[in-house]
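The values are calculated or read from the model by the stated rules, or taken from the named source; none is laboratory data. Bear in mind that the values here come from a model prediction, so they are computed numbers and not experimental data. FYI the Cβ positions are ideal-geometry reconstructions off the backbone, even for glycines, and counts take in every protein chain you see.
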Amino acid sequence: MARRILAELGLLDAELSLLFLNDLQIQALNQQYLRRDKPTNVLAFPMRKGEFSTLHPHLLGDIVISVETAKRQSHRFGLDETGMIILLMVHGVLHLIGYEHEGTKRGAQEMAVRQRELFQRVTRET
């Protein structure tokens with residue numbers, strides 16, 4: 001599914017890592033990197049920003065997903081657990097390529113539209 005998401009974005013040579021954790025584990029990362037002492041559904045760590053961004057140009061970054069949070073939130077989104085994981089993968093990839101939903105209403109709207117479109121395209125065939 002990650003390959004399909006990247007292909008839909010035209011990122012055929014791109015690489016990323018996926019890590020699936022529980023709430024306690026993602027809470028520790030959320031606290032360490034974002035100073036938010038709570039579990040979250042997905043974290044994205046882009047590698048195309050910062051001092052070493054040109055070291056490996058095909059590496060987008062890391063996506064970390066809490067399976068526990070995804071399971072809890074799936075009903076709210078009207079998805080099964082697998083669908084929710086896919087939605088979080090789409091969300092994470094969008095963060096890796098520069099989309100941001102925190103800070104501006106416009107950015108949040110753009111990301112939501114792109115996320116919905118991309119999710120629909122990659123799940124159409126599954």
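Worth a mention:
- Residues within segment 57-83 that are in a strand (DSSP E or B) and of a type in the set (A, V, I, L, M), tallied: 5
- Single residue of T123, T104 found to be among the β-branched types (V, I, T), surrounded by fewer than 16 Cβ atoms within 10 Å (Cβ to Cβ) and either touching an Asp or Glu at 6+ places or on another chain (Cβ under 9 Å) or over 19 Å from Q25 (Cβ atoms) (or both): T104
One line per residue, one yes/no per condition, for (1) surrounded by 14 or more Cβ atoms within 10 Å (Cβ to Cβ); (2) in contact with a helix residue (DSSP H, G or I) (Cβ under 7 Å, 6 or more places away or on another chain); (3) at pLDDT 95 or above; (4) not polar (S, T, N, Q):
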| position | (1), (2), (3), (4) |
| --- | --- |
| E8 | yes, yes, yes, yes |
| L24 | no, no, yes, yes |
| L29 | yes, no, yes, yes |
| D37 | no, yes, yes, yes |
| N41 | yes, yes, yes, no |
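- Taking every residue in segment 53-71 that is at positive phi and pairing it with any residue that is surrounded by fewer than 17 Cβ atoms within 10 Å (Cβ to Cβ) and of a type in the set (S, T, Y), at least 6 positions away or on another chain, the pairs with Cβ-Cβ distances below 9 Å are G61/S17.
- Qualifying residue in segment 44-52 (condition: over 16 Å from L18 (Cα atoms), of a type in the set (K, R) and out of contact with any Gly (no Cβ under 9 Å at 6 or more places or on another chain)): no
- Restricting L43, L16, L6, L11 to residues that are assigned to a strand (DSSP E or B), in contact (Cβ under 8 Å) with a residue 60 or more places away in the chain and either within 17 Å of L118 (Cβ to Cβ) or touching a strand residue (DSSP E or B) at 6+ places or on another chain (Cβ under 8 Å) (or both) narrows the list to L16.
- If you go through segment 84-126 and keep only what is outside any helix (DSSP H, G or I) and touching a strand residue (DSSP E or B) at 6+ places or on another chain (Cβ under 9 Å), you end up with I97, G98.
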